[in-house]
Each structure stands twice: as structure tokens, then as C-alpha cells.
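Participant: Before anything else, here's the structure in question.
What follows draws every value from the coordinates through simple rules; no lab data is involved. In this text the structure is predicted, and so the values were computed from the model without any measurement. Glycine also receives a Cβ, built like all others from the backbone with ideal geometry; neighbour counts cover every protein chain displayed.
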């Protein structure tokens, strides 16, 4: 047996085993201005781009879903708390981060107090997840909440809820990333912390 | 265009069959040929010969999986050209690496089994059927389509190192499989 006979024998395997690969390739070729002269290397580069585009589309869809879910969940929470404690409905619009008025702007500090003496903010970059992670610690209770944003888009990755506040990592059109601390009971923005991206 | 229509064009002896084959599968065929030959001119010639051979083969043949059918033709033509180039001492592309890798799978002390090619083909086919879907795809991409590892990594969403490791395990498994079936006698 030689490597040549082995290579030839592999070439004769049943077509059903290569069908799946060929189907995948037909998809790849749709993108490839893969002209007839494209080499594997060129196709690799093209596929890199295709894959990134696909990933971006998935990412954007995921972000939209997460934002919707977070908004709905926290809005529900606000409503419930407000009903329980105040007996009336809390305007959900307060929670809508895009419509909140900004009562106060403070300089962003990577590590520092966010809200007087109560809330201490720690920000670090998670290289594995490619996310900015903000830890908000309540200096009184010791409770730590974590909020993450995607570094590229600044979109919300998560929100966190403490007894006192709801924290949202968000993107501010003018000022870059921000963390918003919203009073759970009233829906009023207590603090917005910015950093230029 | 649907493959069935292209094949029907061949049966009707309609020359659009070739232009449509070239349009739909030209890049695919070139990829295989270039992977083997590492030479664009030679690859183009093989691809053109593939169209001619396909034209001559259909009818009477009626391939079920058309890209696999022409893929096999271009693979064989390119490999023959490679062997010719090798005799003329002209360099090959991925095929050199692929063949060296496959050599690892040849059982020790294996005799010349030219007379048992059918058995070898059957053994290889059975072996491929034992692989997981992912490993089978990687195997087919590397040793049937002669794709380079980097491209496979992209297509399979894996790192190059992972693909290489998988291929190495497959080759080892293939060697064991062939040894157990008496190909080392």
C-alpha cells in the first residue's frame, strides 16, 4: 500500500459522505466572489468576513432580545414594587433608559464611589468575554452587583438589581458608556455615570 | 440553477450545461484543483478537462449528487496531473502535505496491495462510516477535497490546532483500523 493508493481509495468513498460538506461549500460559494481563481487562502479570508458578518447579525439579534427581555422584566418589577409599596403604578417610562432625563452628570471613575458613600463602582475589562464589567458594591450592606457591556457596541449585556437600585449598563450617544442607578421604588434615575468610549 | 436542470441539459446535449456548471461549480472545482496542484494554470486546465469529461460522461450517467460527481472528476484529473508534474519535478500544493499525512496511516510492513484496491476502498468507506459527523467532515475536507487546515478551521469554527489534532487522531485510528483488517500482512 502506498500513500497514493490510499489517497485514491479515499477518493472513491461513497458520495453520501461528502454531501454534507458540499452543501456547506455551496453556501460558502454564494459569498465568495470566490471567482474561479480563488485559492483556499483567499476563500479563508472571505469566509472569515462572512463568519464575522454572521456573528454580528446574531449578536445584534441577541442584544435586541436581551434588551427587550431586561426592559420587560425590570419594568414588571418596578410596577409590582410600586403597586405593593405605593399603591399606584410606577410610570414605566422612567425605566426606559432612552427616555430618562439626565439630572446629573459626573465624571467616570474606573474605581470609585458612584453614589455618595453608599455605592462603590469597580470597572474592569474581561478579555475573555470582551466585555466591560462593572461591579457595584453597596458599601453599607456589602451587596455586589455586576453589570456588563459589550465593549464594541456598548450595548447592555445585563442589568442588576439590589434592594435599593436597578443598575443598567448602557450606551449614551454623546458620552459613551454609562451606568445608571435607578431607584427601584420610584423609577427615578439616581445617578448616571459616564465615560467617553 | 437546480442541478437536475443542469444534468438535463447534459442529457439534451445542450451546451448551456457546461456554462451553467462553470458558473455554479467553477470555484468549487478550482478550489480542489488548486489545492492539489498549487498552480493556477494547471488547475484551470484540469477544470476545463473536467467539463469535457463531464460532458462525455453524461449521458449515460445520471449523477445523484452532481457536485460530488464533478468533484471526483476534478480530483482525479488534478491528481493525475500532480503525478505527472511530480515526474517532471514540479512542485505540488496541499497534496504534498496531505500525502505525507496519509503515509502515517499506512500500517507498518504493509505489502503492495495493488491487487486489493477494491478491499482497500471498502475498508476506507467502512472506516469513514465509523467517524462522528464532525470528524467525517474534517476528514473529507482534508483528504477528499484537499483543503488546507486553515480553511477547514474557518469552515468548522475551530482553531487550526484543533483541526490538526483531530486529523492526527483520525490518521492514527485509520492506521489501527487498517492493521486490524489485515492490510499489514
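Participant: So, in nm, how far is label residue B:164 from label residue B:23 when the simple model puts each one 7 Å beyond its Cα toward the Cβ?
Facilitator: The answer from the label model is 4.2 nm.
Participant: Let me ask something else. Counting each DSSP H run of 4 or more residues in chain B as -39500 (n - 2.57), what helix-only mean residue ellipticity at 222 nm follows after dividing by all residues, to the nearest 500 deg cm²/dmol?
Facilitator: -24000 deg cm²/dmol
Participant: What area, in nm² and to one decimal, does the C-alpha convex hull of region B:31-87 cast on average over all directions? Could you put the intermediate results ahead of the total?
Facilitator: Working: hull surface 14.7 nm².
Mean projected area for region B:31-87: 3.7 nm², to one decimal.
Participant: Let me know the shape class of chain B, please: from the alpha-carbon gyration tensor, a ≥ b ≥ c as square roots of the eigenvalues, rounded when a/c is under 1.5, otherwise prolate if a/b is greater than b/c, or oblate.
Facilitator: prolate
Participant: Counting pairs of Cα atoms in region B:1-64, how many percent are more than 14 Å apart?
Facilitator: When every Cα pair of region B:1-64 is considered, 55 percent fall beyond 14 Å.
Participant: A further question on this structure: Please identify, among B:152, B:65, B:170, the residue showing maximal mean-square fluctuation in a Gaussian network model of chain B using a 10 angstrom Cα cutoff.
Facilitator: Judging by the Gaussian network model, the answer is B:65.
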